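Right, one structure below, let's go through it.
The values are calculated or read from the model by the stated rules, or taken from the named source; none is laboratory data. Every value quoted in this text rests on a predicted model; they were computed, and no experiment measured them. Backbone-built Cβ (ideal geometry, glycine too); neighbour counts: all protein chains shown. Keep in mind that these areas ignore ligands, DNA and RNA; they rest on the heavy atoms of the full protein, side chains included. Shrake-Rupley method; radii C 1.70, N 1.55, O 1.52, S 1.80 Å.
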Amino acid sequence: MSIRIEQEKCVGCGQCTEVCPGSLIELNSTGKAYMRYPRDCWGCVSCVKECSFGAIEFFLGADIGGIGSKMHVEKKKSYMYWRITTPDGEVKTICIDTQKSNAY
Ligand code: SF4
Ligand code: SF4
């Protein structure tokens, strides 16, 4: 599984269920998102980008040097902050201005 949904942060907005191209995410009976078919996730990060509540974490693969690291997104206005947390607790941030996406 490439992602983990933190139940305590999920507000049940349903955005991740809309964007997953494989329809792998659903809301459970308590209104929280969960992975229906974790093994089928191919890590496209659409759900991670869509979650405005930082409730979805993406595990970075060893092939890109991400052993044990995970990433989630925080959004403020047009900015997306990709927070990468390493196993020792260090947090690195990549800031993207979505209104200037052609600049990247
Ligand atoms: S987008 Fe985030 S907050 Fe909304 S249902 Fe999915 S995990 Fe929960
Ligand atoms: S990473 Fe992509 S394939 Fe996996 S659950 Fe999220 S949207 Fe679906």
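Of note:
- Unpaired Cys in the chain, meaning no second Cys C-beta under 4.7 Å: Cys10, Cys13, Cys20, Cys41, Cys44, Cys51, Cys95.
- Of the residues Val11, Ala103, His72, the one whose Cα sits farthest towards the positive end of the charge dipole of the chain is Ala103 (charges of +1 on Lys and Arg Cβ, -1 on Asp and Glu Cβ, taken about the Cα centre).
- Neighbourhood net charge (11 Å Cβ-Cβ; Lys/Arg +1, Asp/Glu -1) for Cys20: -3
- Compactness of the chain as Cα Rg over 2.2 N^0.38 Å, two decimals: 1.07
- Figure legend: label point modelled 7 angstrom from the Cα of Lys75 along Cα→Cβ; residues of region 15-54 with amide N under 15 Å from it are 15-20, 45-54.
- Annotation: Tyr37 carries an accessible surface of approximately 110 Å², with a 1.4 Å probe and no ligand, DNA or RNA atoms counted.
- Accessible solvent surface per residue of region 3-103, calculated while the other protein chains remain in place, 1.4 angstrom probe, Å²: 62
- Mean projection area, nm², convex hull over Cα of region 43-104: 4.6
- For Asp40, Asp88, Asp97, the ranking by accessible surface with the largest value first comes to Asp88, Asp40, Asp97, using a 1.4 Å probe.
- Placing +1 on the Cβ of every Lys and Arg and -1 on the Cβ of every Asp and Glu, with no other charges, gives the chain a dipole of roughly 220 debye about its Cα centre.
- Percent carbon-and-sulfur accessible area, the chain, ignoring ligands, DNA and RNA, probe 1.4 Å: 51
- Between the alpha-carbon centres of region 41-104 and region 1-27 there is a gap of 15 Å.
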